[in-house]
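Questions regarding the structure given below will be posed in turn.
Please treat every number below as a calculation from the coordinates, not as lab data. Here the structure is a predicted model, which means the values were calculated and not measured. Neighbour counts run over all protein chains shown; Cβ positions are idealised from the backbone, glycine included.
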Amino acid sequence: MTGGLIIAFSASGAKAAKEGPVIIMDQAEGLVIADPTKCVGCRRCELACTEFNDGKASPTIARIKISRNLNFGVNGIPTGQRGGGAWGNGLVIQDICNQCPHPVPCANACPNDAIVVRPPTNARVVDSKRCSGCKMCRRACPWEMMSFDSGTNKATKCFLCDGSPKCVEACPSGALTYAAWRDLTGKIPPRVAPTAIVAPEKAQTCNECHKK
Amino acid sequence: MAKHGGWAGKVLRVDLSTGKISTEDTLEKYRDYLGGTGIGYKVIWDEVQAGVKSFDPANKIVYGVGPLAGTGAPCNGRTAITTLWPTCWPKALVASGHMGGQFAAELKYAGYDAIIIEGRADRPVWLSVWDEKVEIKDARQLWGQGIRRTTIEINQQMGPEASVAAIGQAGENLAPMSVVMNSYSHSAGGVGGVMGSKNLKAIGVRGTGSVRIAGNKEEWEKLIKLHLSLLGANNQHVVPSNPQPWAEHYNAGSRWMASAGRRWGAANPSIDTGACEPHNLNRIAYRTNNAAYFLGDKAWQHTVRGNGCTACPIRCHTMLKVPAVSAKYGIPELGQNTCVGLLFGRAFFKSFPDGPKGQTAIEACMVGMYLADDLGVWDNYGQLQRDFQALYYNGIFKRKVAEKEFNSYSWNKYEQGDPTFLFELLPRIANKEGELATALGLGTGHLLERWGIPEQEWLENHDLLYWKLGHPKHHSNEDAGQCGVIINTQYNRDAQCHSHSNFTRNGLPIEVQKRLAAELWGSPDAVDAVAAFTPMNAHKAKMAKWSLLRKELHDCLSLCNWMGPWVASPLKEREYRGDDSIESLLYSLATGDKKSRQELDTIAERIFLLHRALTIRDMGAKDMRTKHDTIPDWVFTDPKDKAAFSKGTIRMDKEDIKLAMDMFYEEMAWDKETGSPTKATYRRLGLGTVADELAKRGLLP
Amino acid sequence: MERQEEVRANILNIIRDRSESGRLISAEEILTELKRRGLLTSEEIKPKTHLETALKQALQENRDVKEILAPNGVCYYYSVRRLSETYAGILVLKSENPLWLIAEVVRENSKRYPRPVPVAGFMESPFDLTLEAILECLRVMGEDKEYQDIAQTITSVGKTFLYSSRHLDPDYASMLAEWLDVGQADNP
């Protein structure tokens, strides 16, 4: 992971009982938005993400995901020409981290409180020191945006490159934009139904705030 | 993790006869040959005896990629496939086909720098490569299916990310004019039948690993940005096709097609390609539209977007949407390809009712792509279609084919430029139905022999562009005078070299080209303006050597020689210089093995020399000058009978070309009389054992 | 003094902005814009002289800023950072009669690259001439002594190219036209 101070909970937002779990309350400042009509399927975004941040070319751990939609679109393999991707209508949907508002599914599912908010963008990032590599976060994200790096045995996700995303800079067709955060969680259809469970201690924290 | 960055570290070897699957350490065994064609030539030299034929089980196929494949280095998407070439006539010699797409990167992520296929399966199989899990699978259900159906079914098993390189019916039926294809539209010609002869329907690759960059990641990022800044449009054309505010130069022949008002009309909503000022790296992908370049303005309204290989910002494949073809021909309204693949269908016809750039021409392209890229038929750089026109209009088909068969084709449709004719022709080529189609599927050399037509007729015909060994010229005297001629003498198929033509066609004024040429090859006289050629000089020989070595280097590193080298750029502040060291800078940082430009060129020379040695060994001849490095007669003629070196002709002069070959052999330190490399040259480049082997066979000069 | 610097900075700004939009600007237009911005207004005695001095200085101090004299005697200004000399040359010719525009572009191309120019190219940006206007120009050129070097050649697919016989002889021009129009695409 890149360097920089990792703040587990910020002054304004993160709610934590004494010694209790981290709950992210702050909203992110920015996010990457994508225009599928402009995507040319070159995957330079995936490569910039991992080469310039991790020193290796590795679409599997890229925090923007193109490859899985490249050929047949988000719905997998079509039977005819009705799908997306190069084999369908040509559209390549870029999968991007929504930098979810509270409650943040990946963070809430983490048994080690390893997904935290990091200024200046307030991106939700993996604190690799705390990450145990259990992959619970991957089961929590409806958009399958959590990656797992088998080289480091840690989870990884989009951290907005601290405000100047490499993927945006790398796109040769200007299909990506770094923009002010807005809530896309209700707009982008989930890829999977999450199967992660919230740990009892966290559930308790939820109930403390959301008293009936 | 491999010791070096760049390489995956392993070469996969699959014996289809025994089912044995094994791996080798890339660097231990192939380090001196980098990757790609380097590994290919090495395997063929070491393991395939002279005299083996293309479709023998003893022939091998090497799918090779290099240390830059799968990285973010621009233009690294090509897989080099080396084998004994089935359309090389009169006997098969070593050659390579090159496919783009996603295959090269996926192979690296799976952990391999190459796949060596040997033997022959006793029933149809496909190879599944899923990271370290490699399996030979039953392909009996896939046999007889087209490339698209095959790919879909393999993707159903391996997931949507897998890259599938498959053959169609043409390859299965051992038509030498057949391809292997991956990622919908990326093919390597000539290889389909060799795969078919091994009962190998396809290779599916899924890789979840990574390619490590050995160097400092900030330095890598800087280098990538430098390289991106030097890119032009497709074929490294560095000026736009019309005057634009930011551009000092423009050229109507440029593939830099983007301009305000030219839109991807079938995108929804449509997208203006607009100004693509070179410093704006977020607009590189709009520069090229090869459909518009080849098919004219009408293609803009049908353009959905550009497509292409992994990591390449130049999208040379154009995705077209032509709704009319769906009802008219019963084919999908979307199609994509580039260059001769795009023109596959159109090129058969002499004319169309609405002209060469009308709607019917576009529809012929759509039908051609639909059929050829599914059946897996190869066109040998357009020679198939040039031959077809000549054989029909000269009445040869009528003479050579039985009347009943001849009349089974709708020749009236053909003459009228009706694309439905392709439905009669292409499936028959793939299925070897009848004499006409079977002969076409053999490739030019074998076709001429089968029908008793002297090759000489083809060698003399200016329009057919035929060169030798069953293959056409590929960027010869029309592009770079003597330098182009030299390059076209060297390979066992069409030369596929673009190092020289990407320079001469870059669109810069001749004075700028000459200034750059002086820096690169020692004198402005290394290049001439097109069709204003001057007599041979040593600098042209230097340029020829440089062109060949860079082509070979690109084929080993996995850089695209259809884009590189990058010695000219669109940047005025650099006085349009590119960077002659970009390959070595990328190689050094990616692998951690620091090599200068000269050191890397020396390795490329070794690899090119091994190709030469293989050609000599398998021909069993050392007199390459007269037996191999031949030049067709049309090169020395002019349609208006203009004299060589007069302005307005690409005609070459026989004595001058003799001198050109002398100078080239000298530059290579080969024997001038025979054109064979000397023992000292083999030794200097680390191929002493190769020289010894050739000496045993009496094949040293 | 401060005022003068402000004027100079604004001049540069105006020129560069105009170039950004792919157009040239005349001194008169610069003056109008300066006045609109509240500079060189009534209290200045000789705004034109003032502008001339400031422009001269701007040209000397900023290598990107260029001056180009149109055939009608008007000087235009632009920044080569955003607008090339070639493009500026086309724009000033465009402001004049199209005969001159076509002839000069054809001559320049024939001399410099060397190559003929497709007639259809003059229908596109930045020339934007109609086919009728182009054909009329070519007809007039045929009768005008000054344009006798402008010649035509037609490719095998029927596209007309223009060249200057001062720099290209007919066979060479026809070969190059064929190469641009047919040859390059047939030899991809």
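Starting from the Cα of B:A621, step 7 Å along the direction of its Cβ; do the same at B:D46; then give the gap between the two resulting points in nm.
Inter-label distance under the simple model: 3.0 nm.
I would also like to ask the following. Roughly what % of DSSP beta bridges within the stretch B:117-216 run antiparallel, to the nearest 5?
Counting only bridges with both partners in the stretch B:117-216, antiparallel ones make up about 75 percent.
Which cross-chain or sequence-distant (5 or more) residues have an amide H under 5 Å from the amide H of B:R577, H modelled 1.01 Å from N in plane?
Under 5 Å from the amide H of B:R577 lie the amide H atoms of B:S569, each far enough along the sequence or on another chain.
Can you give me the angle between helix C:2-20 and the longest principal axis of chain C, using Cα atoms only, in degrees from 0 to 90, rounded to the nearest 10?
The angle comes out at about 20 degrees.
Mean separation of Cα pairs under 8 Å and 6+ residues apart, divided by the residue count of the stretch B:474-696: what relative contact order is that in percent?
22 percent
Once you put a point 7 Å from the Cα of B:L571 and another 7 Å from the Cα of B:E277, both along the Cβ direction, what distance in nm separates them?
About 1.6 nm, to one decimal.
Roughly speaking, what is the stretch gain from B:K328 to B:E449, that is 0.36 nm per residue apart minus the C-alpha to C-alpha distance, in nm to one decimal?
Fully extending the segment from B:K328 to B:E449 adds 39.7 nm.
Provide the FRET efficiency to the nearest 0.05 for the C:S125-C:E85 pair, computing r from the beta carbons and using R0 = 22 Å.
My answer for the efficiency is 0.80.
Determine which lysines satisfy two conditions relative to B:K137: a Cα distance under 30 Å, and not lying fewer than 8 residues away in the same chain.
Once the sequence-local lysines are set aside, what remains near B:K137 is A:K65, B:K10, B:K20, B:K29, B:K42, B:K53, B:K60, B:K108, B:K198, B:K201, B:K432.
Moving on. Farthest toward the dipole's positive end in chain B, which of B:M663, B:L231, B:M652, given Cβ charges of +1 (Lys, Arg) and -1 (Asp, Glu) about the Cα centre?
B:L231
If r is the Cβ-Cβ distance from B:K658 to A:T177 and R0 is 51 Å, what FRET efficiency results, to the nearest 0.05?
0.25
Cα axis of helix C:47-61 to longest principal axis of chain C: angle in degrees, 0 to 90, nearest 10?
60 degrees
Still on this structure, I have one more. Can you give me the Cα centroid spacing of the stretch B:354-379 and the stretch B:629-674 in angstrom?
So the two Cα centres are separated by 36 Å.
Are there any chymotrypsin sites (Phe, Trp or Tyr not before Pro) in the stretch B:326-365 that are in a DSSP loop and have at most 14 other Cβ atoms within 10 Å? List them by number.
Filter output for the stretch B:326-365: empty list.
When Lys and Arg each count +1 and Asp and Glu each count -1, what net charge do the other residues less than 11 Å away from B:N502, Cβ to Cβ, add up to?
Spelling it out: positives minus negatives among the neighbours equals +3.
Where in the stretch B:567-649 are there trypsin sites (Lys or Arg not before Pro) that are in a DSSP coil and have at most 14 other Cβ atoms within 10 angstrom of their Cβ?
B:K594, B:K640
Given only helices, namely DSSP H runs of n ≥ 4 each adding -39500 (n - 2.57), what is the per-residue ellipticity at 222 nm of chain B, to the nearest 500 deg cm²/dmol?
Using -39500 (n - 2.57) per qualifying helix, the result is -11000 deg cm²/dmol.
Any idea what the relative contact order of the stretch C:1-99 is, in percent, if you count C-alpha pairs under 8 Å spaced at least 6 apart?
It comes to 33 percent, rounded to a whole number.
Distance from the Cα centre of the stretch C:14-79 to that of the stretch C:121-188, in angstrom?
About 36 Å separates the Cα centre of the stretch C:14-79 from the one of the stretch C:121-188.
Could you point to the residue in C:H167, C:A58, C:F127 farthest towards the positive end of chain C's charge dipole, with +1 and -1 charges on the Cβ of Lys/Arg and Asp/Glu respectively?
C:A58
Once you have a ≥ b ≥ c as the square roots of the Cα gyration tensor eigenvalues for chain B, tell me rounded if a/c is under 1.5, and otherwise prolate or oblate according to whether a/b is larger than b/c.
Rounded, because the longest to shortest axis ratio a/c is under 1.5.
Separate question: Checking the a/c ratio against 1.5 first, then a/b against b/c, what shape does the Cα gyration tensor give for the protein assembly as shown?
It is oblate, given that a/c is not under 1.5 and a/b is not larger than b/c.
Of the options B:G368, B:G592, B:L447, report the single residue whose Cα projects farthest towards the positive end of the charge dipole of chain B (beta-carbon charges: Lys, Arg +1; Asp, Glu -1).
B:G592
Let me ask something else. Report, to the nearest 10°, how far helix A:44-54 tilts away from the longest principal axis of the Cα atoms in chain A, using its own Cα long axis and a range of 0 to 90°.
With both axes taken from Cα atoms, the answer is about 40 degrees.
Where a ≥ b ≥ c are the square roots of the eigenvalues of the C-alpha gyration tensor, would you call the stretch B:49-182 rounded, which needs a/c under 1.5, or, failing that, prolate if a/b is larger than b/c, or oblate?
It comes out oblate by the Cα gyration axes.
Within the stretch B:317-372, list the trypsin sites (Lys or Arg not before Pro) lying in a DSSP loop whose Cβ has at most 15 other Cβ atoms in a 10 Å radius.
Loop-located and lightly packed - B:K350.
Rounded to the nearest 0.05, what FRET efficiency do B:A680 and A:K129 give with R0 = 60 Å and r taken as the Cβ-Cβ distance? Could you check?
Between B:A680 and A:K129 the formula returns 0.50.
Here is a further query. Write down the percent of antiparallel bridges among all DSSP beta bridges whose residues are both part of the stretch B:1-155, to the nearest 5.
Looking only at bridges with both residues in the stretch B:1-155, the antiparallel portion is about 85 percent.
Can you give the % of DSSP beta bridges in the protein assembly as shown that are antiparallel, to the nearest 5?
Antiparallel bridges: around 85 percent, rounded to the nearest 5.
Run the simple label-point estimate for B:K29 and B:S596 please: 7 Å along Cα→C-beta, distance reported in nm.
Those two pseudo-labels are separated by 3.3 nm.
Same structure again: With an 8 Å Cα cut-off and a minimum separation of 6 or more residues, compute the relative contact order for the stretch A:30-209 in percent.
Relative contact order, the stretch A:30-209: 27 percent.
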